[in-house]
Amino acid sequence: MAQQEEMVLWIDRRWKNAIEKHLNGETLQEHLENVLDELCNQLPEREYEHISREIQSEAAARRAAEEAVRTYAAYHVTEHGQEWYFKTSPGEELLEAGKKLRSYIMKGSDVAPDKFIGMFFDGQPITAKEFDALTALRMENTGKVRGVFDMNFDKREFSAVNIMDGWQTWAMHDMSVAVYRATRSQFASNDDRWRKLLDHLSGKEITSAGHLAANNFSFSDEIIEEDGKLNFYIQADFDNDDWLNIYANYDVEQDRLCDTLELNLCKGDGSEESWFYRLNAAEQEVLLRKMEAFCQQQTGMSLHDYTQQLRDSESQPSEMQM
(Lines give C-alpha, C1' and ligand atoms only; values in the text may rest on other atoms or scores of the structure.)
Protein backbone atom coordinates (compact mmCIF):
# COMPACT_ATOMS: atom_id res chain seq x y z
CA MET A 1 0.00 0.00 0.00
CA ALA A 2 1.11 3.55 -0.73
CA GLN A 3 2.52 5.25 2.36
CA GLN A 4 1.96 8.92 1.69
CA GLU A 5 2.11 11.65 4.27
CA GLU A 6 0.72 15.14 4.00
CA MET A 7 3.02 17.95 5.07
CA VAL A 8 1.41 21.29 5.87
CA LEU A 9 3.48 24.45 6.13
CA TRP A 10 2.01 27.64 7.55
CA ILE A 11 3.63 30.91 6.53
CA ASP A 12 2.54 34.51 6.64
CA ARG A 13 1.44 35.66 3.20
CA ARG A 14 3.85 38.60 3.38
CA TRP A 15 6.80 36.22 3.75
CA LYS A 16 5.46 34.09 0.86
CA ASN A 17 5.06 37.07 -1.46
CA ALA A 18 8.49 38.41 -0.56
CA ILE A 19 10.20 35.05 -1.19
CA GLU A 20 8.46 34.49 -4.54
CA LYS A 21 9.84 37.82 -5.82
CA HIS A 22 13.29 36.20 -5.76
CA LEU A 23 12.35 32.78 -7.26
CA ASN A 24 12.54 33.74 -10.97
CA GLY A 25 8.89 33.02 -11.79
CA GLU A 26 8.53 29.95 -9.54
CA THR A 27 5.88 29.76 -6.87
CA LEU A 28 7.00 28.90 -3.36
CA GLN A 29 5.16 25.58 -3.58
CA GLU A 30 6.94 24.66 -6.82
CA HIS A 31 10.29 25.62 -5.30
CA LEU A 32 9.72 23.48 -2.21
CA GLU A 33 8.67 20.52 -4.36
CA ASN A 34 11.92 20.86 -6.32
CA VAL A 35 13.89 20.98 -3.06
CA LEU A 36 12.23 17.73 -1.94
CA ASP A 37 13.01 16.11 -5.30
CA GLU A 38 16.65 17.15 -4.94
CA LEU A 39 16.81 15.72 -1.40
CA CYS A 40 15.43 12.40 -2.70
CA ASN A 41 18.04 12.37 -5.47
CA GLN A 42 20.79 12.78 -2.88
CA LEU A 43 19.89 9.51 -1.17
CA PRO A 44 22.25 6.54 -1.65
CA GLU A 45 21.62 5.00 -5.07
CA ARG A 46 20.60 1.59 -3.77
CA GLU A 47 18.12 3.07 -1.28
CA TYR A 48 16.71 5.44 -3.92
CA GLU A 49 16.17 2.60 -6.45
CA HIS A 50 14.60 0.33 -3.81
CA ILE A 51 12.03 2.94 -2.80
CA SER A 52 11.34 3.86 -6.44
CA ARG A 53 10.64 0.21 -7.35
CA GLU A 54 8.28 -0.14 -4.38
CA ILE A 55 6.35 2.98 -5.35
CA GLN A 56 6.09 1.90 -9.01
CA SER A 57 4.99 -1.61 -8.04
CA GLU A 58 2.29 -0.26 -5.71
CA ALA A 59 1.03 2.11 -8.41
CA ALA A 60 0.86 -0.74 -10.96
CA ALA A 61 -1.01 -2.96 -8.49
CA ARG A 62 -3.46 -0.16 -7.77
CA ARG A 63 -4.11 0.39 -11.49
CA ALA A 64 -4.60 -3.36 -12.01
CA ALA A 65 -7.08 -3.54 -9.12
CA GLU A 66 -9.03 -0.59 -10.51
CA GLU A 67 -9.08 -2.13 -13.99
CA ALA A 68 -10.24 -5.50 -12.61
CA VAL A 69 -13.53 -4.01 -11.39
CA ARG A 70 -14.01 -1.56 -14.26
CA THR A 71 -16.67 -2.46 -16.85
CA TYR A 72 -17.15 -1.26 -20.40
CA ALA A 73 -19.70 -0.93 -23.17
CA ALA A 74 -18.70 -0.61 -26.83
CA TYR A 75 -20.58 1.40 -29.46
CA HIS A 76 -20.53 1.72 -33.21
CA VAL A 77 -22.75 4.59 -34.34
CA THR A 78 -23.65 5.53 -37.91
CA GLU A 79 -25.48 8.80 -38.46
CA HIS A 80 -25.73 11.06 -41.52
CA GLY A 81 -23.15 8.94 -43.33
CA GLN A 82 -20.56 9.27 -40.56
CA GLU A 83 -19.25 6.52 -38.28
CA TRP A 84 -17.95 6.57 -34.72
CA TYR A 85 -16.50 3.85 -32.50
CA PHE A 86 -16.22 4.50 -28.78
CA LYS A 87 -16.42 2.84 -25.38
CA THR A 88 -17.88 3.93 -22.06
CA SER A 89 -17.07 3.04 -18.47
CA PRO A 90 -18.91 1.92 -16.48
CA GLY A 91 -20.58 0.06 -19.31
CA GLU A 92 -24.28 0.24 -20.12
CA GLU A 93 -26.51 -2.77 -20.62
CA LEU A 94 -29.35 -3.08 -23.13
CA LEU A 95 -31.98 -1.21 -21.11
CA GLU A 96 -29.64 1.70 -20.35
CA ALA A 97 -28.54 1.98 -23.99
CA GLY A 98 -32.19 1.86 -25.08
CA LYS A 99 -33.03 4.70 -22.69
CA LYS A 100 -30.22 6.76 -24.23
CA LEU A 101 -31.69 6.10 -27.67
CA ARG A 102 -35.22 7.08 -26.65
CA SER A 103 -34.01 10.20 -24.88
CA TYR A 104 -32.18 11.27 -28.04
CA ILE A 105 -34.93 10.66 -30.59
CA MET A 106 -37.83 11.93 -28.45
CA LYS A 107 -36.44 15.24 -27.20
CA GLY A 108 -36.78 18.41 -29.23
CA SER A 109 -33.91 19.81 -31.27
CA ASP A 110 -33.43 22.55 -28.68
CA VAL A 111 -32.67 19.93 -26.00
CA ALA A 112 -31.02 16.94 -27.66
CA PRO A 113 -27.45 17.18 -29.06
CA ASP A 114 -26.92 17.37 -32.81
CA LYS A 115 -25.50 13.85 -32.90
CA PHE A 116 -26.19 10.75 -30.82
CA ILE A 117 -22.56 10.57 -29.70
CA GLY A 118 -23.24 13.86 -27.90
CA MET A 119 -25.24 11.83 -25.37
CA PHE A 120 -21.96 10.32 -24.11
CA PHE A 121 -19.78 12.93 -22.45
CA ASP A 122 -17.34 10.30 -21.16
CA GLY A 123 -17.07 8.25 -24.36
CA GLN A 124 -13.52 7.22 -25.30
CA PRO A 125 -12.80 6.83 -29.04
CA ILE A 126 -11.66 3.37 -30.12
CA THR A 127 -10.80 1.71 -33.42
CA ALA A 128 -12.92 -0.81 -35.33
CA LYS A 129 -10.39 -3.48 -34.31
CA GLU A 130 -10.80 -2.58 -30.63
CA PHE A 131 -14.57 -2.71 -31.09
CA ASP A 132 -14.25 -6.28 -32.42
CA ALA A 133 -12.02 -7.22 -29.49
CA LEU A 134 -14.60 -5.91 -27.00
CA THR A 135 -17.29 -7.79 -28.93
CA ALA A 136 -15.32 -11.03 -28.57
CA LEU A 137 -14.86 -10.34 -24.85
CA ARG A 138 -18.59 -9.73 -24.50
CA MET A 139 -19.28 -13.15 -26.04
CA GLU A 140 -16.99 -14.75 -23.42
CA ASN A 141 -19.42 -13.51 -20.74
CA THR A 142 -16.73 -12.45 -18.27
CA GLY A 143 -18.80 -9.50 -17.08
CA LYS A 144 -16.10 -7.09 -18.21
CA VAL A 145 -18.08 -5.88 -21.22
CA ARG A 146 -21.69 -5.28 -20.24
CA GLY A 147 -22.93 -4.35 -23.69
CA VAL A 148 -21.93 -4.02 -27.34
CA PHE A 149 -24.18 -1.90 -29.55
CA ASP A 150 -24.35 -0.94 -33.22
CA MET A 151 -26.78 1.90 -33.85
CA ASN A 152 -27.43 2.88 -37.45
CA PHE A 153 -29.58 5.99 -37.59
CA ASP A 154 -29.46 6.04 -41.38
CA LYS A 155 -31.14 2.60 -41.47
CA ARG A 156 -33.02 3.20 -38.19
CA GLU A 157 -31.64 -0.06 -36.77
CA PHE A 158 -30.60 -0.86 -33.20
CA SER A 159 -28.33 -3.92 -32.82
CA ALA A 160 -26.96 -5.44 -29.62
CA VAL A 161 -24.82 -8.49 -28.82
CA ASN A 162 -26.51 -11.24 -26.84
CA ILE A 163 -24.04 -13.62 -25.20
CA MET A 164 -26.09 -16.66 -26.27
CA ASP A 165 -27.39 -15.75 -29.73
CA GLY A 166 -24.93 -13.17 -30.97
CA TRP A 167 -26.33 -10.09 -32.67
CA GLN A 168 -29.97 -9.12 -32.27
CA THR A 169 -31.43 -6.27 -34.27
CA TRP A 170 -34.64 -4.28 -33.90
CA ALA A 171 -36.10 -1.23 -35.59
CA MET A 172 -35.25 1.85 -33.53
CA HIS A 173 -38.95 2.65 -33.21
CA ASP A 174 -39.64 -0.77 -31.67
CA MET A 175 -36.75 -0.34 -29.24
CA SER A 176 -37.97 3.11 -28.23
CA VAL A 177 -41.53 1.89 -27.62
CA ALA A 178 -40.27 -1.13 -25.63
CA VAL A 179 -38.14 1.15 -23.42
CA TYR A 180 -41.11 3.44 -22.79
CA ARG A 181 -43.36 0.57 -21.76
CA ALA A 182 -40.64 -0.94 -19.58
CA THR A 183 -39.83 2.26 -17.71
CA ARG A 184 -43.10 4.21 -17.54
CA SER A 185 -43.88 2.92 -14.02
CA GLN A 186 -41.73 4.68 -11.44
CA PHE A 187 -42.37 1.91 -8.93
CA ALA A 188 -41.31 -1.07 -11.06
CA SER A 189 -38.20 -2.94 -9.92
CA ASN A 190 -35.23 -3.25 -12.23
CA ASP A 191 -36.08 -6.93 -12.80
CA ASP A 192 -39.64 -5.98 -13.81
CA ARG A 193 -38.32 -3.38 -16.22
CA TRP A 194 -36.01 -5.92 -17.84
CA ARG A 195 -38.83 -8.45 -18.15
CA LYS A 196 -41.14 -5.89 -19.78
CA LEU A 197 -38.42 -4.73 -22.14
CA LEU A 198 -37.66 -8.24 -23.37
CA ASP A 199 -41.35 -9.14 -23.59
CA HIS A 200 -42.06 -6.15 -25.82
CA LEU A 201 -39.03 -6.83 -28.01
CA SER A 202 -39.78 -10.55 -28.40
CA GLY A 203 -40.76 -11.44 -31.96
CA LYS A 204 -39.73 -8.05 -33.35
CA GLU A 205 -36.17 -9.02 -34.30
CA ILE A 206 -35.15 -8.23 -37.86
CA THR A 207 -32.32 -9.54 -40.03
CA SER A 208 -29.56 -7.01 -40.59
CA ALA A 209 -26.40 -7.17 -42.67
CA GLY A 210 -23.38 -7.46 -40.41
CA HIS A 211 -25.49 -8.70 -37.50
CA LEU A 212 -26.18 -12.36 -38.14
CA ALA A 213 -27.56 -14.24 -35.15
CA ALA A 214 -27.57 -17.91 -34.15
CA ASN A 215 -30.93 -18.52 -35.84
CA ASN A 216 -29.44 -17.40 -39.17
CA PHE A 217 -27.14 -20.44 -39.19
CA SER A 218 -28.72 -23.82 -39.95
CA PHE A 219 -26.79 -26.62 -41.64
CA SER A 220 -27.92 -29.30 -44.06
CA ASP A 221 -26.13 -32.14 -45.85
CA GLU A 222 -23.01 -33.74 -44.45
CA ILE A 223 -19.70 -32.11 -43.58
CA ILE A 224 -17.39 -32.21 -46.60
CA GLU A 225 -13.59 -32.03 -46.49
CA GLU A 226 -12.15 -30.14 -49.45
CA ASP A 227 -8.83 -28.36 -49.99
CA GLY A 228 -7.85 -28.63 -46.33
CA LYS A 229 -11.14 -27.28 -45.06
CA LEU A 230 -14.36 -28.64 -43.64
CA ASN A 231 -17.33 -27.26 -45.59
CA PHE A 232 -20.60 -26.68 -43.75
CA TYR A 233 -23.54 -25.96 -46.05
CA ILE A 234 -25.85 -23.28 -44.64
CA GLN A 235 -29.51 -23.48 -45.63
CA ALA A 236 -30.96 -20.51 -47.50
CA ASP A 237 -34.51 -20.39 -48.88
CA PHE A 238 -35.60 -18.44 -51.97
CA ASP A 239 -39.10 -18.05 -53.38
CA ASN A 240 -38.10 -17.59 -57.03
CA ASP A 241 -35.96 -19.58 -59.47
CA ASP A 242 -32.70 -18.32 -57.91
CA TRP A 243 -30.90 -20.18 -55.15
CA LEU A 244 -28.02 -19.29 -52.92
CA ASN A 245 -25.27 -21.63 -51.79
CA ILE A 246 -23.61 -20.55 -48.54
CA TYR A 247 -20.61 -22.32 -47.06
CA ALA A 248 -18.94 -21.85 -43.70
CA ASN A 249 -15.46 -23.34 -43.54
CA TYR A 250 -13.22 -24.72 -40.83
CA ASP A 251 -9.46 -24.87 -41.42
CA VAL A 252 -8.27 -28.43 -40.71
CA GLU A 253 -4.57 -27.63 -40.40
CA GLN A 254 -5.04 -24.51 -38.25
CA ASP A 255 -7.90 -26.08 -36.27
CA ARG A 256 -9.95 -22.89 -36.36
CA LEU A 257 -12.96 -21.29 -37.99
CA CYS A 258 -12.40 -19.38 -41.22
CA ASP A 259 -13.58 -15.79 -40.79
CA THR A 260 -15.48 -15.56 -44.09
CA LEU A 261 -18.55 -17.20 -45.61
CA GLU A 262 -18.47 -18.26 -49.25
CA LEU A 263 -21.63 -17.31 -51.16
CA ASN A 264 -22.61 -18.46 -54.62
CA LEU A 265 -25.83 -17.15 -56.18
CA CYS A 266 -27.21 -19.34 -58.98
CA LYS A 267 -29.79 -17.45 -61.02
CA GLY A 268 -32.69 -18.86 -62.92
CA ASP A 269 -31.21 -17.65 -66.22
CA GLY A 270 -28.13 -19.84 -65.67
CA SER A 271 -25.72 -17.09 -64.59
CA GLU A 272 -23.85 -17.15 -61.29
CA GLU A 273 -22.35 -14.65 -58.86
CA SER A 274 -19.87 -15.40 -56.09
CA TRP A 275 -18.62 -13.29 -53.21
CA PHE A 276 -17.41 -13.48 -49.61
CA TYR A 277 -18.96 -12.25 -46.37
CA ARG A 278 -16.54 -11.42 -43.56
CA LEU A 279 -17.79 -12.47 -40.14
CA ASN A 280 -17.39 -10.18 -37.16
CA ALA A 281 -16.46 -11.42 -33.68
CA ALA A 282 -20.01 -12.14 -32.47
CA GLU A 283 -20.97 -13.89 -35.71
CA GLN A 284 -17.84 -16.05 -35.56
CA GLU A 285 -18.60 -17.13 -32.00
CA VAL A 286 -22.22 -18.17 -32.57
CA LEU A 287 -21.34 -19.84 -35.89
CA LEU A 288 -18.54 -21.81 -34.21
CA ARG A 289 -20.97 -23.01 -31.53
CA LYS A 290 -23.41 -24.17 -34.23
CA MET A 291 -20.62 -25.91 -36.17
CA GLU A 292 -19.42 -27.61 -33.00
CA ALA A 293 -22.89 -28.96 -32.25
CA PHE A 294 -23.41 -30.10 -35.86
CA CYS A 295 -20.04 -31.86 -35.90
CA GLN A 296 -20.94 -33.72 -32.70
CA GLN A 297 -24.24 -34.73 -34.28
CA GLN A 298 -22.68 -35.88 -37.56
CA THR A 299 -19.44 -37.50 -36.35
CA GLY A 300 -19.83 -37.98 -32.61
CA MET A 301 -16.66 -35.91 -32.12
CA SER A 302 -15.75 -32.32 -31.38
CA LEU A 303 -14.31 -30.20 -34.18
CA HIS A 304 -10.91 -30.38 -32.52
CA ASP A 305 -10.96 -34.19 -32.30
CA TYR A 306 -12.38 -34.61 -35.81
CA THR A 307 -9.75 -32.37 -37.42
CA GLN A 308 -7.03 -34.13 -35.40
CA GLN A 309 -8.25 -37.46 -36.77
CA LEU A 310 -8.12 -36.08 -40.31
CA ARG A 311 -4.59 -34.75 -39.82
CA ASP A 312 -3.47 -38.09 -38.38
CA SER A 313 -4.98 -40.04 -41.28
CA GLU A 314 -3.24 -37.78 -43.81
CA SER A 315 0.15 -38.26 -42.16
CA GLN A 316 -0.07 -42.08 -41.98
CA PRO A 317 0.65 -42.89 -45.67
CA SER A 318 3.86 -40.86 -45.68
CA GLU A 319 5.00 -42.53 -42.45
CA MET A 320 4.32 -46.00 -43.92
CA GLN A 321 6.40 -45.20 -47.02
CA MET A 322 9.36 -44.34 -44.82
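The values are calculated or read from the model by the stated rules, or taken from the named source; none is laboratory data. What you see is a predicted model; the values in this text were computed from it and never measured. Cβ sites come from the backbone with ideal geometry, for glycine too, and all protein chains shown count toward neighbours.
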**Complete:** Restricting region 214-230 to residues that are modelled with pLDDT of 90 or more and of a type in the set (A, V, I, L, M), the one surrounded by the most Cβ atoms within 10 Å (Cβ to Cβ) turns out to be Leu230
**Prompt:** Considering region 100-158 alone, what residues qualify as being surrounded by fewer than 19 Cβ atoms within 10 Å (Cβ to Cβ) and among the polar types (S, T, N, Q)?
**Reply:** Ser103, Ser109, Gln124, Thr127, Asn141, Thr142
**Fill in**
Taking region 63-87 and keeping only residues that are polar (S, T, N, Q) and farther than 18 Å from Asn152 by Cα, one is left with Thr71
**Prompt:** How about region 252-266: which of its residues are without any contact (Cβ under 8 Å) to a residue 24 or more places away in the chain and closer than 24 Å to Met139 by Cβ?
**Reply:** Gln254, Arg256, Thr260, Glu262, Leu263
**Asked** Got at least one residue in region 191-201 being within 15 Å of Trp167 (Cβ to Cβ) and part of a strand (DSSP E or B)?
**Response** no
**Request:** Could you look through region 90-114, keep only residues that are at pLDDT below 95 and of a type in the set (Gly, Ala, Ser), and pick out the one that is nearest to the chain's Cα centre (by Cα)?
**Result:** Gly91
**Some residue of region 213-233 being on the phi > 0 side of the Ramachandran plot and touching a Phe, Trp or Tyr at 6+ places or on another chain (Cβ under 8 Å)** = yes
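Can you say whether Tyr233 is under 26 Å from Ser302 (Cβ atoms) and surrounded by 14 or more Cβ atoms within 10 Å (Cβ to Cβ), as far as the supplied structure shows?
yes
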**Request:** Filter region 161-190 down to the residues that are in contact with a His (Cβ under 9 Å, 6 or more places away or on another chain) and among the small types (Gly, Ala, Ser), then identify the one that is farthest from Gln284 (Cα to Cα).
**Result:** Ala182
**Request:** Only residues that are more than 14 Å from Glu83 (Cα to Cα), in contact (Cβ under 8 Å) with a residue 24 or more places away in the chain and part of a helix (DSSP H, G or I): list them for region 124-171, please.
**Result:** Glu130, Asp132, Ala133, Leu134, Thr135, Ala136, Arg138, Met139
